[in-house]
1. Could you run through region 2-17 and say how many residues are open to solvent by less than 80 Å² (accessible area, probe 1.4 Å) and under 22 Å from ASP250 (Cβ atoms)?
2. Counting only residues that are among the hydroxyl-bearing types (Ser, Thr, Tyr) and free of Cβ contacts under 8 Å to residues at least 40 places away in the same chain, which one in region 90-110 is farthest from GLY24 (Cα to Cα)?
3. Got a number for residues in region 174-197 being small (Gly, Ala, Ser) and loosely packed, with under 14 Cβ neighbours inside 10 Å?
4. Would you check if VAL83 is buried (at least 18 other Cβ atoms within 10 Å of the Cβ) and at pLDDT below 95?
5. Taking region 145-160 only, how many residues are open to solvent by less than 20 Å² (accessible area, probe 1.4 Å) and either hydroxyl-bearing (Ser, Thr, Tyr) or in a helix (DSSP H, G or I) (or both)?
6. Kindly indicate whether LEU95 is in contact with a Leu (Cβ under 6 Å, 6 or more places away or on another chain) and either within 14 Å of VAL220 (Cα to Cα) or open to solvent by less than 20 Å² (accessible area, probe 1.4 Å) (or both).
7. Can you tell me which residue within region 86-105, out of those that are among the hydroxyl-bearing types (Ser, Thr, Tyr) and touching a strand residue (DSSP E or B) at 6+ places or on another chain (Cβ under 8 Å), is modelled with the highest pLDDT?
Amino acid sequence: MIWLLWLTAVLCVIYYIVIVIYSGLTTSFSLIWLFFAVICMGLAAGWEAYIKHKDKVPLWLPVSVVTMCCTGVLVFAVVEILVFTGVAARDTSNLDYVIVLGARVKDTGISKSLKKRLDKAVEYVDKNPGTILILSGAKGEDEPVAEAVAMRDYLVYNGVREEQLILETRSHSTVENIAYSRVAIEEDQARKKAHRQNGPDIIIPGAFEEVPDKPIRIGVLTSDFHVFRAEQIAEKWGIPDIYGISCGSDPVLFIHFCVRECAAILKDKLVGNM
């Protein structure tokens, strides 16, 4: 057990170095791996001390430590099961709107995660040309442009019609992505309704029957590990029947993203965002 803990600590440090080399020092939440390494080293040292001085250590102490560790592992496992199996497959074709969640934009261009989302968006609108994309993401302090602007430029360059795109440039988190995108959709619906009412209509008596507006169908497109939280937040913030569309994630950072997403889900659940 001691050697396993030391090995885990070394692997955590190595993975942190890989993240820094691959994605940069500013990669969000990357320091968690150094924290895990310190925890593992502390557990290894504590286990070794306990073996040498069993008679002097009260039983409740090792039991409490083991219980806390097992609880943490169990919580992580349950959350990840929800993330990857809790979203039922649904038909996502011909949605009225799809919210494309932003990701980091670097000085050298869009990040790998954002590129995967945008490539999925291009693929989606090729098959569903009537869908409007809501590009959601503000400009971060370390970003050259707003994420939504970079997303628009990439999509237009890859053949998506600009009139198919609505930019939402105020959001800095997933909660804000959903909330402000909902506002953007409502504003677009209001503009379309006003245009229909003000447009020159020729009505033949008896030929048409007025029907209520059909409910709009909204989807959210994001990375596979992120779909569950995005859907839960959408349900909490006024889009109860949202359709999740997932794309692949970076294989090198996949484990890091899963750990970060687990922490984000627990935080959002705690503060009432989902």
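1. 4
2. SER93
3. Of the residues in that region, 2 qualify.
4. yes
5. So the answer is 4.
6. Against the criterion (in contact with a Leu (Cβ under 6 Å, 6 or more places away or on another chain) and either within 14 Å of VAL220 (Cα to Cα) or open to solvent by less than 20 Å² (accessible area, probe 1.4 Å) (or both)), LEU95 does not qualify.
7. Once the filter is applied, the top-ranked residue is TYR97.
The rows are residues; the columns are (1) crowded, with 20+ Cβ neighbours inside 10 Å; (2) in a loop (DSSP other than H, G, I, E, B); (3) touching a residue at least 12 places away in the same chain (Cβ under 8 Å).
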residue	(1), (2), (3)
VAL78	no, no, no
LYS115	no, no, yes
ASP119	no, no, yes
GLY130	no, yes, yes
LEU135	yes, no, yes
GLU163	no, no, no
SER171	yes, yes, yes
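The values are calculated or read from the model by the stated rules, or taken from the named source; none is laboratory data. Predicted model, so just to flag it, every value in this text is computed and none were measured. Cβ atoms come from the backbone with ideal geometry, glycine included; neighbour counts cover every protein chain shown. Side chains included, ligands, DNA and RNA excluded: accessible areas come from the protein's heavy atoms. Shrake-Rupley method; radii C 1.70, N 1.55, O 1.52, S 1.80 Å.
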